[in-house]
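A.B. asks: Can you read through this structure? Questions will come right after.
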Ligand code: NOJ
């Protein structure tokens, strides 16, 4: 009798759920959502609840051990809340059907994927994108990524990655927005807006996942997954703001980082995930581990076994277990033993279910499974055009002696030389999601297209491999160079030499490529080096000898076309570095917003020994943050402030005149930095506080205006209050972090 009664309740509950699903339109308020979620929770068994916390890979792409080969069976048993690394309408519908039609409660699955710089249309790697300083373009590219990914069944992207990093040895700098906190925050926020749009329940938006919380970009010695040890001041001031900005922009989920922070791994860090993220910042979405990071609490040495690891993570505030299956295997026993509470599990489940409601999955679990969309919304001509434009806006012109670039359109013979000149797969860079090598345009193909318009002959010689030491191809390459009027050298890293688990101790050009470059440059012909790489490199030798260097990063599907546009001035370089290029690894960490120290090197004592300096290297960067040349020249003048002193209630107006004094109409990224001269704690020599990307026709000038208020001058003071302090401030406006005009004002 008792059993029958239980069945009756379940039956009524299931009817109620279906009714809820059918009538679920747009739930507006949290309390409406909460009552839906509560009714569902009432119906769920503990196993079904723990199932919602379980995120498994379908095995299409893996970045760690694959622990769940039987995921399809587990879905049917109601033991899975989401699947990642699966896409295509056919496959996703199949998996969703298992969840919706074959489980007792029919709760739909989330489908996650690393849509990091595009889905099928691959845009430049995120570090490159940030060099465009074009927030609107970044947002547009995420809209395209969301449209394409959602047309293939995905509803959740593991992006944006907003880890600030000051260490180019760390391979994952390629996935971020560089070294600056302020810029990184702006970019993190627009990425979230791009993915999520204004309507999460639309079928062409994705929920985003801010990662890797926190400070994953500061591993010791640049070695991936390594220890992070830093003061709370540095953490709050330099590393946390981009996560906060992305959350404030509405990010629905947050991913943990693999590293420990000051002795506590992020995945078991109660301070980080409960006190700070939910308590201080009011984050209401759900959290997910980075891959098997719950299990990794054992090798970290804070958990004796998997059961303890699961308890630590859940108690810290981690809702979803990606791929470690620790929650699935142990949480039930932990509840029975009384080491975790049912309330904690319910809270985690509620947050995940809420995301599913917000996506509208209870209304229509197959809303992202539309074959027509899959056919028509992927790799459209519009998205290719956007990608091409993005490539040319992301490249950074590092050197251009004697106007080697642009290549004259009258050129007769071009030799393209180098291992990256015609490698489709490398153009994708790392984390290229569903991107396919065959969809990529190489530089060779981009130049071929140009040869049709400008009628030059094009030859290609690889010369050498990216890493292999063989010089057997040099002779042919040199011969091709001798026969040409213009030489384009395509050098750099393989796409997979940056990204996850791709730290390097030597970030120079591989030796064989340097030798090839030396041999070609020695011919004393016009040579332009086009670099493909996912991090700043040490380029002293090239910088000393190559007439022109264009940093092209990895541009994605339209890489070759976008670069060729720049080489022929069909687009004009406007990119500026968002990460410092050091002279040598020994200078790392190096970033523009350093502290002055008590013994700075100053112009009046450049050679004095007892200063904060190296005896074998300059302190300065090879190419500083914010740096990038154009084919034209710009002159900055008349930096003016509307007041010499302001109060906390005032807004300071800053104006500068920028003139295009060269021969091309072009964009310039005008940058605003400040320095707080005296503080209760030391302040950096410069801090970016604004920028404007302006278009200036040749022989014309524009006035660029900035505003600064006391709020922009806040920092963590001696008592760790986030506030501003009265005193003198310097203002710098210029073309990069090392040059420009300066003025000062007082905050009273
Ligand atoms: C590990 C990576 O650190 C993370 O960025 C990624 O989202 C997950 N794997 C899932 O692929």
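The values are calculated or read from the model by the stated rules, or taken from the named source; none is laboratory data. The structure presented is a predicted model; accordingly, all values stated were derived computationally and were not measured. A quick note on method: Cβ atoms are made from the backbone with ideal geometry, for glycine too, and the neighbour counts reach across all protein chains shown.
A.B. asks: Residues to consider are 536, 526; find the one that is within 21 Å of residue 131 (Cα to Cα), touching a helix residue (DSSP H, G or I) at 6+ places or on another chain (Cβ under 9 Å) and at pLDDT 95 or above.
C.D. replies: Step by step, each of 536, 526 is checked, and only 536 is within 21 Å of residue 131 (Cα to Cα), touching a helix residue (DSSP H, G or I) at 6+ places or on another chain (Cβ under 9 Å) and at pLDDT 95 or above.
A.B. asks: Output the residue which, of all residues in region 281-311 that are free of Cβ contacts under 8 Å to residues at least 24 places away in the same chain and part of a helix (DSSP H, G or I), is farthest from the ligand (Cβ to nearest atom).
C.D. replies: Looking at residues that are free of Cβ contacts under 8 Å to residues at least 24 places away in the same chain and part of a helix (DSSP H, G or I), I get 308.
A.B. asks: Then there is this: Among residues belonging to region 396-419 that are crowded, with 24+ Cβ neighbours inside 10 Å and touching a helix residue (DSSP H, G or I) at 6+ places or on another chain (Cβ under 6 Å), point out the one that is nearest to residue 464 (Cα to Cα).
C.D. replies: 417
A.B. asks: Within region 226-247, restricting attention to residues that are out of contact with any helix residue (DSSP H, G or I) (no Cβ under 7 Å at 6 or more places or on another chain) and under 28 Å from residue 351 (Cα atoms), which residue is surrounded by the most Cβ atoms within 10 Å (Cβ to Cβ)?
C.D. replies: Here the residue is 243.
A.B. asks: For the structure I just gave you, tell me whether residue 648 is touching a residue at least 40 places away in the same chain (Cβ under 8 Å) and within 30 Å of the chain's Cα centre (by Cα).
C.D. replies: It is false that residue 648 is touching a residue at least 40 places away in the same chain (Cβ under 8 Å) and within 30 Å of the chain's Cα centre (by Cα).
A.B. asks: Taking the residues in region 500-515 that are in a loop (DSSP other than H, G, I, E, B) and away from the ligand (no atom under 16 Å from the Cβ) as candidates, determine which candidate is surrounded by the fewest Cβ atoms within 10 Å (Cβ to Cβ).
C.D. replies: In this case the residue turns out to be 505.
A.B. asks: Something else: Looking at region 312-333, can you tell me whether even one residue there is farther than 23 Å from residue 356 by Cβ, part of a loop (DSSP other than H, G, I, E, B) and outside the structural domain of residue 72 (by TED's automatic domain parsing)?
C.D. replies: No; the residues of region 312-333 include none that is farther than 23 Å from residue 356 by Cβ, part of a loop (DSSP other than H, G, I, E, B) and outside the structural domain of residue 72 (by TED's automatic domain parsing).
A.B. asks: Return yes or no: is residue 237 outside the structural domain of residue 505 (by TED's automatic domain parsing), touching a strand residue (DSSP E or B) at 6+ places or on another chain (Cβ under 6 Å), more than 16 Å from the ligand (Cβ to nearest atom) and at pLDDT 95 or above?
C.D. replies: Considered against the rule, which asks whether it is outside the structural domain of residue 505 (by TED's automatic domain parsing), touching a strand residue (DSSP E or B) at 6+ places or on another chain (Cβ under 6 Å), more than 16 Å from the ligand (Cβ to nearest atom) and at pLDDT 95 or above, residue 237 comes out as yes.
A.B. asks: Among 178, 188, 250, which is the only one that is more than 15 Å from the ligand (Cβ to nearest atom) and crowded, with 20+ Cβ neighbours inside 10 Å?
C.D. replies: That would be 178, the only listed residue that is more than 15 Å from the ligand (Cβ to nearest atom) and crowded, with 20+ Cβ neighbours inside 10 Å.
The rows are residues; the columns are (1) surrounded by 24 or more Cβ atoms within 10 Å (Cβ to Cβ); (2) closer than 22 Å to residue 433 by Cα; (3) modelled with pLDDT of 95 or more; (4) out of contact with any strand residue (DSSP E or B) (no Cβ under 8 Å at 6 or more places or on another chain).
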site	(1), (2), (3), (4)
335	no, no, yes, yes
349	yes, no, yes, yes
378	no, yes, yes, yes
392	yes, yes, yes, yes
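A.B. asks: Oh, and also: Restricted to region 154-168, and to residues that are assigned to a loop (DSSP other than H, G, I, E, B) and near the ligand (Cβ under 10 Å from one of its atoms), which residue is farthest from residue 377 (Cα to Cα)?
C.D. replies: Out of the qualifying residues, it is 163.
A.B. asks: Another one. Counting only residues that are at pLDDT 95 or above, buried (at least 24 other Cβ atoms within 10 Å of the Cβ) and out of contact with any strand residue (DSSP E or B) (no Cβ under 8 Å at 6 or more places or on another chain), which one in region 431-463 is farthest from residue 556 (Cα to Cα)?
C.D. replies: So the residue we want is 446.
A.B. asks: Please verify whether residue 142 is at pLDDT 95 or above and either on the phi > 0 side of the Ramachandran plot or buried (at least 22 other Cβ atoms within 10 Å of the Cβ) (or both), treating the condition exactly as stated.
C.D. replies: Here the answer is yes, as residue 142 does meet what is asked.
A.B. asks: Kindly establish whether residue 6 is at pLDDT below 65 and either at positive phi or not in a helix (DSSP H, G or I) (or both).
C.D. replies: Here the answer is no, as residue 6 does not meet what is asked.
A.B. asks: Residue under question is residue 487, and the condition is that it be crowded, with 21+ Cβ neighbours inside 10 Å, part of a loop (DSSP other than H, G, I, E, B) and more than 31 Å from the chain's Cα centre (by Cα); does it hold?
C.D. replies: The answer is no for residue 487.
A.B. asks: Need a quick list: helices (runs of 4 or more DSSP H) entirely within region 27-132 having at least 3 residues that are more than 16 Å from the ligand (Cβ to nearest atom), at pLDDT 95 or above and crowded, with 20+ Cβ neighbours inside 10 Å.
C.D. replies: Per the criteria, 46-52, 89-102, 126-130.
A.B. asks: Continuing with this model, one more query. When residues of region 203-233 are filtered for being over 18 Å from the mean Cα position of the chain (by Cα) and more than 13 Å from residue 165 (Cβ to Cβ), how many remain?
C.D. replies: Within region 203-233, residues that are over 18 Å from the mean Cα position of the chain (by Cα) and more than 13 Å from residue 165 (Cβ to Cβ) number 8.
A.B. asks: Still on this structure, I have one more. Does residue 361 satisfy being assigned by TED's automatic domain parsing to the domain that holds residue 548, in contact (Cβ under 8 Å) with a residue 40 or more places away in the chain, over 24 Å from the mean Cα position of the chain (by Cα) and outside any helix (DSSP H, G or I)?
C.D. replies: No, not satisfied.
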